[in-house]
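Engineer: After the structure tokens below, expect a handful of questions from me.
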Amino acid sequence: FKTCPGRMLCKLPCSGEKEVDLAVQSAKAAFKIWSQMSGMERCRVMLEAARIIREQREEIATMETINNGKSIFEARVDIDVSWQCLEYYAGLAGSLAGEHIQLPGGSFGYTRREPLGVCVGIGAWNYPFQIACWKSGPALACGNAMVFKPSPFTPISAVRLAEIFTEAGVPKGLFNVVQGGAATGQFLCQHPDVAKISFTGSVPTGMKIMEMAAKGIKPVTLELGGKSPLIIFSDSDLDNAVKGALMANFLTQGEVCCNGTRVFVERKILDTFTKEVVKRTQKIKIGDPLLEDTRMGALINRPHLNRVQGFIKQAKEQGAEVLCGGDLYVPDDPKLKNGYYMRPCVLGNCKDDMTCVKEEIFGPVMAILPFDTEEEVVERANATKFGLAGGVFTRDIQKAHRVVAALKAGMCFINNYNSSPVELPFGGYKFSGFGRENGRAAIEYYSQLKTVCVEMGDVESVF
């Protein structure tokens, strides 16, 4: 597998059907122990895992930067989000409970919240360690075991998480990592002892996973792609809106599913906004992601870089104007000359029917589109098969809430973007998937309710 400069880092064997079965059986055995522990006992182990991550923040962040190519500055944020996730679900583990319902004649019923069993997590390459924590946190808090498959492009940091869980005291095999691509994922999804699948990735792969899961009646959580709208009204704080647009497009080299890549700008501030965005985009420091002042590292691999470049070429052919960037970037450091770098791109003169506006590029490419009225921009913002996120910048708080209520998206931002605290549910509408990660909502997707009805008198029989 390759680091951002295009050098071989290590080789890992893909897990075949035999290895997948061993991982599932190991997790199944660990589940019998973990699921019988009290919530408070699970809480203590998860808090210890969070402590280890927090203590080893710098080491893990460096590993993640080499693993993915994002800047060390961003990787540290990812690691902080990861330990916060485990702390949050550790806190919930001891509070999971059912309810008691009084019935006539002294009879009663109650519900039990029970774990599902062995859950499968399939991660993406843009947030490898964080996604592994987002999936394992609620799963383990509810008493489940997990077999996790990271992306073959970023296989390393999930293994470190498995080691940390073991150090923290989880039963051996409770969090297992298998490596590989589509074939390994298929073995996991079709395994009869897997109770649930949680997937982060592309829409086509999500469809295949849903189809495989259907044959085993397995519940799924799908966190898929997006082409999210970011709406900038003329009454917004311009400086804050520009910063929001940069955050919504250029984090992790633009390789973020919920990025607000369709930037709708009210016409009366279009020129001013565009000029300022271009100016700040051109100042973004690109290069060695391990340097403290780097703000944009390398894209994940050569084929993906070529794909992003292809979108920009097509955009120009369809009439869009490249206002800045979009070309390959070669750092001065000779050891980085083979890296997958490009300059962040801002496209002007965009139309709603252009490919660059309709399709997810998953790279540092911002498309700016003018609008005139609130009604118009809401309709255009919703005219997409995706529905992962949306953002609004305005000083009019009534308008802000009115617009986000009208947006058909699962995660909305007002006067900020790409802030995803673990306390808040995350997930999409339409082709962006279903189910939720983070927040209390995730507990619903990693547990099941059992109802118990207790009769205190004689059975009322119709026979």
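The values are calculated or read from the model by the stated rules, or taken from the named source; none is laboratory data. Bear in mind the structure is a predicted one, so any value in this text is a computation, not a measurement. We place every Cβ from the backbone using ideal geometry, glycine too, and count neighbours over all the protein chains shown. The area values use the complete protein model at the heavy-atom level, side chains included, leaving out ligands, DNA and RNA. Shrake-Rupley method; radii C 1.70, N 1.55, O 1.52, S 1.80 Å.
Engineer: Checking the cross-link filter: which lysines have an alpha carbon closer than 19 Å to that of Lys135, excluding same-chain neighbours under 8 positions apart?
Structural biologist: Hits, sequence-local ones excluded: Lys28, Lys149, Lys172, Lys196, Lys218.
Engineer: Still on this model: All other residues with a Cβ under 9 Å from the Cβ of Ile286 taken together, and with Lys, Arg as +1 and Asp, Glu as -1, what is their net charge? If you can, show how the numbers build up before the last one.
Structural biologist: Details: positive: Lys285, Arg295, Arg343; negative: none.
After counting each charged neighbour, the total is +3.
Engineer: Where does the chain land at 222 nm, in deg cm²/dmol rounded to the nearest 500, when only DSSP H runs of n ≥ 4 count, each adding -39500 (n - 2.57), divided by all residues? Walk me through the numbers before you get to the answer.
Structural biologist: On the way: 15 runs with 185 residues, N = 463.
Computed mean residue ellipticity for the chain: -12500 deg cm²/dmol.
Engineer: Once fully extended, how much extra length lies between Glu455 and Asp327, figured as 0.36 nm per residue of separation less the alpha-carbon to alpha-carbon distance?
Structural biologist: On the way: separation 128, 0.36 × 128 = 46.08 nm, distance 7.30 nm.
That works out to 38.8 nm of additional length.
Engineer: Another one. What's the FRET efficiency of Glu167 with Lys11 using the Cβ-Cβ distance as r and R₀ = 22 Å, to the nearest 0.05? Kindly include the intermediate steps, with their values, before the conclusion.
Structural biologist: Values: r = 25 Å, r/R0 = 1.15.
Approximately 0.30, to the nearest 0.05.
Engineer: Please name whichever of Asn126, Tyr329, Gly457 sits farthest to the positive end of the charge dipole of the chain, dipole taken about the Cα centre and charges placed at Cβ: Lys and Arg +1, Asp and Glu -1.
Structural biologist: Tyr329
Engineer: Then there's this: Viscosity 0.890 mPa s, temperature 25 °C: what is the translational diffusion coefficient of the stretch 170-230 from Stokes-Einstein with a Kirkwood Rh over Cα pairs, rounded to a whole number of µm²/s? If you can, show how the numbers build up before the last one.
Structural biologist: Values: Rh = 12.9 Å.
Reported coefficient: 191 µm²/s.
Engineer: Straight-line reach from Lys283: which lysines fall under 16 Å, measuring Cα to Cα and dropping same-chain residues less than 8 apart?
Structural biologist: Within the straight-line limit of under 16 Å, Lys283 reaches these lysines: Lys243, Lys275.
Engineer: Roughly how far apart, in whole Å, are the Cα centres of the stretch 140-210 and the stretch 355-396?
Structural biologist: Answer, in whole Å: 33.
Engineer: Please list His191, His401 from largest to smallest accessible area, probe radius 1.4 Å, with all protein chains kept in place.
Structural biologist: Working: His191 20, His401 105 Å².
Correct descending sequence by accessible area is His401, His191.
Engineer: Using only Cα atoms, find the angle between the long axis of helix 302-317 and the longest principal axis of the chain, and express it within 0 to 90 degrees, rounded to the nearest 10.
Structural biologist: So the helix axis and the longest Cα principal axis differ by about 50 degrees.
Engineer: Find out how many positive minus negative residues lie around Ser95, taking Lys and Arg as positive, Asp and Glu as negative, among other residues whose Cβ is under 12 Å from that of Ser95. Numbers along the way, then the final one.
Structural biologist: On the way: positive: Arg42, Arg113, Arg440; negative: none.
That sum, taken over residues with Cβ under 12 Å, equals +3.
Engineer: Could you name the lysines whose alpha carbon sits less than 18 Å from that of Lys268, not counting residues in the same chain fewer than 8 places away?
Structural biologist: Lys351, Lys399
Engineer: Where both residues lie in the stretch 229-414, what percent of DSSP beta bridges are antiparallel, nearest 5? Show your work: numbers first, answer last.
Structural biologist: On the way: 4 of 24 bridges.
Looking only at bridges with both residues in the stretch 229-414, the antiparallel portion is about 15 percent.
Engineer: A further question on this structure: I'd like the antiparallel share, as a percent to the nearest 5, of DSSP beta bridges with both residues in the chain.
Structural biologist: Restricted to the chain, the bridges split so that about 35 percent are antiparallel.
Engineer: For the stretch 198-237, what is the convex hull volume of the alpha-carbon atoms per residue, in Å³? Walk me through the numbers on the way to the answer.
Structural biologist: Details: hull volume 3.5 nm³, N = 40.
Each residue corresponds to 87 Å³ of Cα convex hull volume.
Engineer: Per-residue counts of other Cβ atoms within 10 Å, averaged by peptide: what ranking do you get for 9-17, 342-350, highest first?
Structural biologist: Details: 9-17: 12.9, 342-350: 22.2.
Per-residue mean Cβ counts within 10 Å order the peptides as 342-350, 9-17.
Engineer: If you project the alpha carbons of the stretch 56-178 onto their three principal axes, what span does each projection cover, largest first, in Å?
Structural biologist: 66, 26, 24
Engineer: Which value in Å is the Kirkwood Rh of the chain over different Cα pairs? Kindly include the intermediate steps, with their values, before the conclusion.
Structural biologist: Values: mean 1/r = 0.0429 Å⁻¹.
Hydrodynamic radius (Kirkwood, Cα pairs) of the chain is 23.3 Å.
Engineer: I want to check the label-to-label distance for Glu99 and Arg302. Put each point 7 Å from Cα in the C-beta direction and report it in nm to one decimal.
Structural biologist: My value for the distance between the label points is 5.9 nm.
Engineer: Let me understand the stretch 1-97 better: what is its radius of gyration from the alpha carbons, and its Dmax, in angstrom?
Structural biologist: When restricted to Cα atoms, the stretch 1-97 yields Rg and Dmax of 17.3, 50 Å.
Engineer: Grab the Cα-Cα distance for Lys283 and Leu238, subtract it from 0.36 nm times how many residues apart they are, and report the gain in nm with one decimal. Spell out each step's value before the answer.
Structural biologist: Numbers: separation 45, 0.36 × 45 = 16.20 nm, distance 1.78 nm.
Gain on extension, Lys283 to Leu238, equals 14.4 nm.
Engineer: I've got another one for you. Order the peptides 263-272, 113-122 from the highest to the lowest mean number of other Cβ atoms within 10 Å of their residues.
Structural biologist: Working: 263-272: 18.2, 113-122: 23.2.
In decreasing order of mean packing, 263-272, 113-122 become 113-122, 263-272.
Engineer: Any chance you could list P(r) for the stretch 229-414, counting all Cα-Cα pairs in 10 angstrom bins from zero, rounded to whole %?
Structural biologist: Calculated P(r), rounded to whole percents: 10, 39, 35, 14, 3, 0.
Engineer: Hey, what angle do you get for helix 270-281 against the long axis of the chain, alpha-carbon based, 0 to 90 degrees rounded to 10?
Structural biologist: Around 80 degrees separate the two axes.
Engineer: In degrees, nearest 10, range 0 to 90: what is the angle between the Cα axis of helix 39-55 and the longest Cα principal axis of the chain?
Structural biologist: That works out to roughly 30 degrees.
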